[in-house]
Amino acid sequence: MAAGLAAIAAAPLAGQQEPPIQSAAAVVSPAPWIDRVYDRITRFFNARVRAVDSYFAQHEPVEAEEESQLRVRLWLQREDGRLDFKPVVSTNLQMPNLERRLDLYVENITQNLLPGSDPVESDTPVRVGARGDLFRGGRWAVTRDLGVGFSHGVKFYAQVAGHYRWYWGHWEGVASQSVFWNRDDDLGGLSRLVLDRKLAPDWYLRLQSAARYTQDSGYWRTSQVVKVAWVLEEQRHYLLASAAVFGKSRLADEYRSEFTYRTRMWRPWMYAELTPYLSFRRDNGFASSPGVRVGLDLFFGGTPRL
């Protein structure tokens, strides 16, 4: 059930990859020019990934079970009379030979974000690292992550995280605690609790609570988020309502409510998103600040998801 909610809310647990749903290339109907563009970009990207991965092949090369994916998100946000535009490019690279031989991964998924963070403000540096289990048994897991990131220079990072999953009636929960270090934040930690429940066949509920501390900031940042998702049509469009409270040390710093409509448009690998929201921030005297965020989400290869 938690995996279904994660696919709806587009909010995977820290350190987890997004689950596949359906191959875009397999369901595209004829439309000459846009399909040619899609096909060329997808083929070129996957060919380059396979070429790099082949250098690490041993006597018995491993073939990737899925396509690599290039995801391009274009965000346009307007708030307090200010218009912001941000493109975000992320990848899901299928490199089984590299992972088998050197235990490495390559990704640019943002790590250790507070739940409910604004996607326009998040940074996604390319990261090369080695991730694995220090301990795994039953519902417990302790993982380690070491590597280097590339964003305005080379930055080393290290992380150890513990995870515990449990089930209680109709609820599924995950508690995690990570301790991390990088050149930007020095030493830090993220505590996170996620509770998921399926309310009805098409309704989902997610409760999230988290606290993040870094030596660079010198104080705790917290967030409490409630999300309710309604699947209007599977793999096509849905509605998502959320309410969040962000804190700084012991004080509430911002209240935010959002209402998102996300839909597949024109092609199976193309999604549009509209999010009107209302925020009340301490630095603005908790006066209401309405805003709207518009997004275009493009998936080249791999498995598009809501």
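The values are calculated or read from the model by the stated rules, or taken from the named source; none is laboratory data. Because the structure is a prediction, the values reported are computed rather than measured. In this analysis, Cβ positions are derived from the backbone assuming ideal geometry, glycine residues included, and neighbour counts consider all displayed protein chains.
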* Asked: Would a scan of segment 273-293 turn up a residue that is over 23 Å from Asp80 (Cβ atoms) and either in contact with a Leu (Cβ under 6 Å, 6 or more places away or on another chain) or hydrophobic (A, V, I, L, M, F, W, C) (or both)?
  -> no
* So how many residues does segment 283-306 have that are more than 17 Å from Met265 (Cα to Cα) and of a type in the set (Val, Ile, Thr)? -> 1
* To do: Quickly run through segment 214-223 and pick out the residues that are outside any loop (DSSP other than H, G, I, E, B) and surrounded by fewer than 18 Cβ atoms within 10 Å (Cβ to Cβ).
  => Trp220
* To do: Within segment 114-146, track down each residue that is within 18 Å of Gln159 (Cβ to Cβ), modelled with pLDDT under 75 and surrounded by 15 or more Cβ atoms within 10 Å (Cβ to Cβ).
  => Thr124, Pro125
* Asked: Right, Gln111: among the polar types (S, T, N, Q) and farther than 30 Å from Gln77 by Cα or not?
  -> no
* Asked: So which residues in segment 103-117 are of a type outside the set (Val, Ile, Thr), closer than 23 Å to Asp186 by Cβ and touching an Asp or Glu at 6+ places or on another chain (Cβ under 9 Å), if there are any at all?
  -> Gln111, Asn112
* Structure fact -> Result of the Cβ filter at 9 Å on segment 234-248, keeping first residues that are closer than 17 Å to Thr260 by Cβ and partners that are of a type in the set (Asp, Glu) and buried (at least 17 other Cβ atoms within 10 Å of the Cβ), at least 6 apart or interchain, is Leu240/Glu258; Ala241/Glu258; Ser242/Glu258; Ala243/Glu258; Ala244/Glu254; Ala244/Glu258
* Pick out, from segment 29-113, the strands (runs of 3 or more DSSP E) lying fully within it that include 3 or more residues that are touching a helix residue (DSSP H, G or I) at 6+ places or on another chain (Cβ under 8 Å) and surrounded by 14 or more Cβ atoms within 10 Å (Cβ to Cβ). => none
* **segment 97-113 residues that are of a type in the set (Lys, Arg), paired with ones that are at pLDDT below 75 and assigned to a loop (DSSP other than H, G, I, E, B) (beta carbon under 8 Å, 6 or more apart)** => Arg100/Gln58; Arg101/Gln58
* Test: residue in segment 80-93 that is over 29 Å from Val294 (Cβ atoms) and modelled with pLDDT of 70 or more -> no
* Looking at Leu5, Leu13, Leu76, which one is under 29 Å from Ala229 (Cα atoms) and modelled with pLDDT of 85 or more? -> Leu76
* Structure fact -> Scanning segment 161-186 for residues that are without any contact (Cβ under 8 Å) to a residue 40 or more places away in the chain and within 15 Å of Tyr213 (Cβ to Cβ) gives Gln177, Val179, Trp181, Asn182, Asp184, Asp185, Asp186
* Structure fact -> When segment 181-203 is checked residue by residue, the ones that are surrounded by 15 or more Cβ atoms within 10 Å (Cβ to Cβ), more than 18 Å from the chain's Cα centre (by Cα) and part of a strand (DSSP E or B) are Trp181, Asn182, Gly188, Gly189, Arg197, Lys198
* Give me the pairs: first residue in segment 49-66 and touching a residue at least 40 places away in the same chain (Cβ under 8 Å), second residue of a type in the set (A, V, I, L, M), beta-carbon distance under 6 Å, and six or more apart or on different chains, which are they? -> Val49/Leu93; Asp53/Met95; Asp53/Leu98; Phe56/Leu98
* **Qualifying residue in segment 279-295 (condition: of a type in the set (Gly, Ala, Ser), over 29 Å from Asn182 (Cα atoms), at pLDDT below 95 and in contact with a helix residue (DSSP H, G or I) (Cβ under 7 Å, 6 or more places away or on another chain))** => no
